[in-house]
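See structure below.
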């Protein structure tokens, strides 16, 4: 501390680059402060700093970080406190540009592993990564203002938010208990043959299209008796709700009755949620993938012949490529890619699907001979996907009853309440023509070999970044992700961008298959953490992604070169 204080006095009212002398590590009572990167001027991106504490210094109970589920929940809880505390001190120090800013990651409703705050499972060491705008008047340093930030505000935040003795212990205990609950329920999904569970009393509607918090006064979810299951929590209590079984589940109903709201909750159910979200006990098996049409996306050497074949121009759909996919070809590609990425459940909403990809009614089939139609509707493949490959489907449909015959369970949403109408719907569809036999499914083996892209790997100071949840970029190459709907946090796109750079620099060599490249990187990330997915210093703005989202990005990467 004394060394830092002296450096601050020495740099006061100097040219802004004098702040570079502050880079380094400084020991404070109970923690060390590391100034990792100093911004070039007061209008540049704020400086990067980190707090380091050992287990004895923060005092968190070892049982709170000894398992992944609890550790991630603990990290999330602590980070939210730091976010609030730093925000209360931000801009108290005066100056121009970004002077005085204090910021850290802002977690949303989902509980994600983040690089902003990490606790080591083995030794309990804690790292907090945050940003600070070093104060200046024009380009003249204001080190005494910075002294307030580093020697008063930051230590206050550490003591208030990162020391166990000062925390709200009962509140934290509830968060840890929720982590245990969610882990136990996820384990029971597989044991009971379920792909998803929606607890009675859950609040599914969100406050608005841009506010993911629960809607006030929303009608609590109530499961139909025929599909109600009871799961057991670690403390012995039972929790009841809708159990969606493996197979084909159809969700129908009138407009504005909650069909898409239920599917959206299932889509987000691959992630755990914080207490008070309303969806704490809405859980979907972890590989579930939301699919939709995606006009204009690129497709690279993919076998979509299960859904598209015999094109009029003679193009090979067993090794199909395009820079501008149609609605049907894009959804066919999305489906095949989900299967190749290991998804065991497909989530589909008719409203965002290509109609001709999903179904062809009997009248259309009688007018347009099947031999003249290159599209094999998804309707004809749903049962095959489940019976031959074990892939379930949860489908929202509001305009066609053609799916009744192939569905195992049919739920009608009525005023946000599900009603099981399977028997009645099946009876009504008894005399309807069956789905046309679509023929055997392909094996779907991905043998693509990525080639090195020298324009990428030889570029100096290759920049990578995420843009909201919409896209990532590596150098001048951008990857569109706005239709990959389970990317829910901007920090996930930051990680995906970093992963893409690592793939280009270390894995794409012209010898290893794309599957091996992607799986090797993801396995390294799971084992080594964020260090495996970054080049150099770990930034504090990364959040975990699933293997499915990594695959989704790679498959949309237009600069991908294949042998």
Q. Which of the residues belonging to the stretch 6-20 are over 15 Å from residue 142 (Cβ atoms) and either surrounded by 12 or more Cβ atoms within 10 Å (Cβ to Cβ) or in contact with a helix residue (DSSP H, G or I) (Cβ under 6 Å, 6 or more places away or on another chain) (or both)?
A. 20
Q. Which one is surrounded by the most Cβ atoms within 10 Å (Cβ to Cβ) among residues in the stretch 165-198 that are farther than 24 Å from residue 65 by Cα and over 21 Å from the mean Cα position of the chain (by Cα)?
A. 194
Q: Considering each of 349, 361, 324 in turn, give the residue that is in the same structural domain as residue 413 (by TED's automatic domain parsing), at pLDDT 95 or above and farther than 28 Å from residue 270 by Cβ.
A: 324
Q: Take residue 129 and decide whether it is surrounded by 21 or more Cβ atoms within 10 Å (Cβ to Cβ), within 30 Å of residue 20 (Cα to Cα) and in contact (Cβ under 8 Å) with a residue 40 or more places away in the chain.
A: yes
Q: Determine which member of the set 201, 243 is modelled with pLDDT of 95 or more, touching a strand residue (DSSP E or B) at 6+ places or on another chain (Cβ under 7 Å) and either in a loop (DSSP other than H, G, I, E, B) or buried (at least 20 other Cβ atoms within 10 Å of the Cβ) (or both).
A: 243
Q | Subset of the stretch 146-166 (residues that are in a loop (DSSP other than H, G, I, E, B) and within 16 Å of residue 47 (Cα to Cα)) | A | none
Q) Only one of 103, 156 is without any contact (Cβ under 8 Å) to a residue 60 or more places away in the chain and either at negative phi or outside the structural domain of residue 72 (by TED's automatic domain parsing) (or both); which? A) 103
Q. If a residue has to be at pLDDT 95 or above and assigned to a helix (DSSP H, G or I) to count, how many in the stretch 167-198 make the cut?
A. 22
Q. Filter the stretch 300-324 for residues that are farther than 26 Å from residue 248 by Cβ and in contact (Cβ under 8 Å) with a residue 60 or more places away in the chain; which is surrounded by the fewest Cβ atoms within 10 Å (Cβ to Cβ)?
A. 312
Q: Answer yes or no: is there a residue in the stretch 513-534 that is surrounded by 24 or more Cβ atoms within 10 Å (Cβ to Cβ), in a loop (DSSP other than H, G, I, E, B) and either touching a strand residue (DSSP E or B) at 6+ places or on another chain (Cβ under 8 Å) or not assigned by TED's automatic domain parsing to the domain that holds residue 334 (or both).
A: no
Q. Can you name the residue in the stretch 52-71 that is under 16 Å from residue 114 (Cα atoms) and in contact with a helix residue (DSSP H, G or I) (Cβ under 6 Å, 6 or more places away or on another chain) and is also surrounded by the most Cβ atoms within 10 Å (Cβ to Cβ) among such residues?
A. 65
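The values are calculated or read from the model by the stated rules, or taken from the named source; none is laboratory data. Given the structure is predicted, the values throughout are model-derived calculations rather than measurements. In this analysis, Cβ positions are derived from the backbone assuming ideal geometry, glycine residues included, and neighbour counts consider all displayed protein chains.
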